[in-house]
Amino acid sequence: MDEIVEILTEDGKETYKRINKTIAHKEGICHGISAIALIDKDGKLLIQKRSANKKNEPNKWDLSGAGHIDIDETPEQAAVRELFEETGIKVEIEELKLIDTYLNKVKLDKDTFINHYTYLFLVQKDIDIKTLKMQESEVSEVIFVDKKKYNEIFNNKEMVEAIKYCNKVLDYMN
C-alpha cells in the first residue's frame, strides 16, 4: 500500500489536505521530507548509498537518513524514525538541531516530479558503522566522509540530486 502524505505549500505551510505519495510525485505536488546528517566527533559525515533496487536515484550517495513525513508526524519524529529504519541508529528528538529548510523541486524522469519541502537536521554522535543494521531495501552501504571526500563524491555526480541543497552541512564538517 502506498503512503499518504500531507500536501504542503512550497514555503512549508500545512494545507490539511492529503494525497497518495505516488500521485504527489507524478503530479509534482509539494509534501514534506526530513533529512538528517549525522556527524561524529572528528567532523566526519555519515553518508549512505541508496540500494540498487530504489526506483529513484539507485546507487547514489545520500545523507545519513531521509524520508517522507508521515501523516500526524512532526519533521523531528520523521528524522528520528527514518534514521533508525534505514541504519538502526537511535537518536532522540532532543539531539536534533534544525540547520535548514528548503524546497527541492526537480523532474527526475517522465513519471517522477519531486516537489519536497525539506527539513534538514544535524545530530552529532559517535557510532561504530560495523554495528549498524541497515535496511537492505533502502541502503546498501554507509561510510564516514570528511569535507574533501564529500566534495569529491559530489563533484563526480555520485550523490542524489537533493544534496545540492545541503550545503549547510559542510559548516559542521572537517
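The values are calculated or read from the model by the stated rules, or taken from the named source; none is laboratory data. None of the values given here were measured: they were computed from a predicted structure. When we count neighbours, we look across all protein chains shown, and the Cβ atoms used for this are built from the backbone with ideal geometry, even at glycine.
At-a-glance table
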{"item": "Qualifying position, being within 20 Å of GLU3 (Cα to Cα) and surrounded by 15 or more Cβ atoms within 10 Å (Cβ to Cβ), among ASP100, ASP70", "result": "ASP70"}
{"item": "Residue within segment 104-124 that is in contact with a Leu (Cβ under 8 Å, 6 or more places away or on another chain), exposed (fewer than 15 other Cβ atoms within 10 Å of the Cβ) and either charged (D, E, K, R) or at pLDDT below 95 (or both) present", "result": "no"}
{"item": "Subset tally (residues that are of a type in the set (S, T, N, Q) and within 25 Å of GLY88 (Cα to Cα)) for segment 139-173", "result": "1"}
{"item": "Top-ranked residue of segment 125-174 - restricted to ones that are within 20 Å of GLU85 (Cβ to Cβ) and hydroxyl-bearing (Ser, Thr, Tyr), ranked as modelled with the highest pLDDT", "result": "SER140"}
{"item": "Residue in segment 87-113 that is farthest from the chain's Cα centre (by Cα), counting only those that are in contact (Cβ under 8 Å) with a residue 12 or more places away in the chain and in a loop (DSSP other than H, G, I, E, B)", "result": "ASP111"}
{"item": "Checklist (1) surrounded by fewer than 17 Cβ atoms within 10 Å (Cβ to Cβ); (2) not in a strand (DSSP E or B) applied to GLU82, failing item", "result": "(1)"}
{"item": "When residues of segment 34-43 are limited to those that are out of contact with any helix residue (DSSP H, G or I) (no Cβ under 6 Å at 6 or more places or on another chain) and crowded, with 24+ Cβ neighbours inside 10 Å, the one farthest from ALA162 (Cα to Cα)", "result": "LEU38"}
{"item": "When residues of segment 44-60 are limited to those that are at pLDDT 95 or above and either of a type in the set (Val, Ile, Thr) or more than 20 Å from GLN124 (Cβ to Cβ) (or both), the one surrounded by the fewest Cβ atoms within 10 Å (Cβ to Cβ)", "result": "ALA52"}
{"item": "Subset of segment 125-145 [in contact with a Leu (Cβ under 8 Å, 6 or more places away or on another chain) and part of a loop (DSSP other than H, G, I, E, B)]", "result": "LYS125, ILE127"}
{"item": "Strands (runs of 3 or more DSSP E) within segment 1-61 that include 1 or more residues touching a strand residue (DSSP E or B) at 6+ places or on another chain (Cβ under 9 Å) and among the hydroxyl-bearing types (Ser, Thr, Tyr)", "result": "14-20, 31-39"}
